[in-house]
Amino acid sequence: MFAVVLTLLANMPLAFRRCAPMTVLVSCEVPLAVYEAWGYWLGLNQLGPQMALVTLASQRPRRWTVLGAAIIAPGMIYGNVHTWNGSTLDIIALSSMWMTALAVVGDGLRRLKEYGAIVADHAARLVTEQHEREQRAVLLERIRIARELHDIAAHHMSVVAVQAGLARYVLTSDPATAEKALLSIAAMSSEALGEVRRLVNILRPDPESDGGPAARDQDTPDVARLPVMIERVGLTGLTVEYNVSGEAQPLPAGVGLCVYRVVQESLTNAIKHAAGSRVTVSLRYVTDKITVRISNDGRRSAPPTGETGQLGSGGKGLVGMYERAILYGGTLTAGELPDGGFQVVLTLPIRSVAAASVENSARGDLRADR
């Protein structure tokens, strides 16, 4: 009966070995020592301390494993010496090798668990970084869409407002001029609706209704459409001179759109702040770059709130132009002229790393940029 009680005491603590492996190891080894000291079957309860040693090695640092092995070594060696055949030194060596194997297995389990935790942590960081990248992409997309909406609305509505005021002023005294102004309003409104519709189609593509991405890319504003825009702006009272120097070169789609939007925003600012002035729009082509210069000879009446002519000072139009220039690897400067008036100078590389990358993914970039 006493042997049964000792056997139970030597093995029952194993149920708690994951919670307190060192305590369980000692709790198994003490009944085992008493069991062997009373001369019972020596090999019966050896498994309990050995299992506790493996668990200890899998959950605690190696110094705890060495201590646990030292605790169970006497009982194991004593039992093996009295049950195995062979020389005592050989039995001690084999017992030591067996305990070492148990410790190595437990230590391997511990390292595998630590590696699994590292992998799980790395995977969690990757998920977090991916989420952050997606959030940044969404934010950049919102900024690009807002910039495009600003350019469309600010330009067209400024022209419409000026033409509407003119039509109202001469409605009874000069019906012909009023009719021209109303026709201009109709044309600008239709153009604005068309550009907004293209932007909506980019956000919600419908190939059946708009002819697919290729058709949308063909409608993208570029340098070729500048004369039409300048002619319509001239109806507001601005005198706009347009000239091109150098040998004209085909521009990447994104670069052409950037030039168009910068000229459009500059003319819109002239309508709002230098009404009636003379504006010069100059394009100069050289071998590897294009320079666009938009200047007027009238001082701005009053800068918008927060806009002082310095880039980044709060004017959304100037900031938008600057962002477009940076996107395609160019530069943009804007400021008052010494003799009065205002000037914007845009320089873009025609074949740069940035422009080439944009050209290689033209459709995807235009959808985002518009």
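With a 1.4 Å probe rolled over the protein heavy atoms of all chains, the accessible area of Tyr115, Tyr78, Tyr285, Tyr242 falls in the order Tyr115, Tyr78, Tyr242, Tyr285, largest first.
The accessible area of Val196, taken with all protein chains in place and a 1.4 Å probe, comes to roughly 60 Å². The alpha carbon centroids of region 223-291 and region 1-28 are separated by 89 Å. With K and R counted +1 and D and E -1, the other residues having a Cβ less than 9 Å from that of Gln343 yield a net charge of 0. Relative contact order for region 112-204: 24 percent, from Cα pairs under 8 Å spaced at least 6 residues apart, divided by residue count. FRET efficiency for the Val26 to Leu126 pair, using the beta carbon distance and R₀ = 41 Å, is estimated at 0.45.
Neighbours of Thr83 by Cβ distance under 14 Å: Lys/Arg scored +1, Asp/Glu scored -1, total -2. Estimated at 0.36 nm per residue, the fully extended path between Ala176 and Val5 surpasses their Cα-Cα distance by 49.9 nm. In percent, rounded to a whole number, the relative contact order of region 22-112 is 36, using alpha-carbon pairs under 8 Å and six or more apart. Separation of region 106-177 and region 52-94, taken as the distance between their Cα centroids, equals 66 angstrom. Accessible surface area normalised per residue over region 1-139 is 63 Å², counting heavy atoms of protein chains with a 1.4 Å rolling probe. Annotation: amide H-H contacts under 5 Å for Val279 (H modelled 1.01 Å from N, sequence separation of 5 or more, or interchain): Thr239, Val240, Glu241. Neighbours of Val104, meaning other residues whose beta-carbon lies under 11 angstrom from its beta-carbon, give a summed charge of +2 when Lys and Arg score +1 and Asp and Glu score -1.
Distant-in-sequence amide contacts of Val286, defined by a placed amide H-H separation under 5 Å and a gap of 5 or more residues or a different chain, comprise Thr291.
The values are calculated or read from the model by the stated rules, or taken from the named source; none is laboratory data. Source: prediction; values computed, not measured. Cβ sites come from the backbone with ideal geometry, for glycine too, and all protein chains shown count toward neighbours. All accessible areas refer to the heavy atoms of the entire protein, side chains included, with ligands and DNA or RNA removed. Shrake-Rupley method; radii C 1.70, N 1.55, O 1.52, S 1.80 Å.
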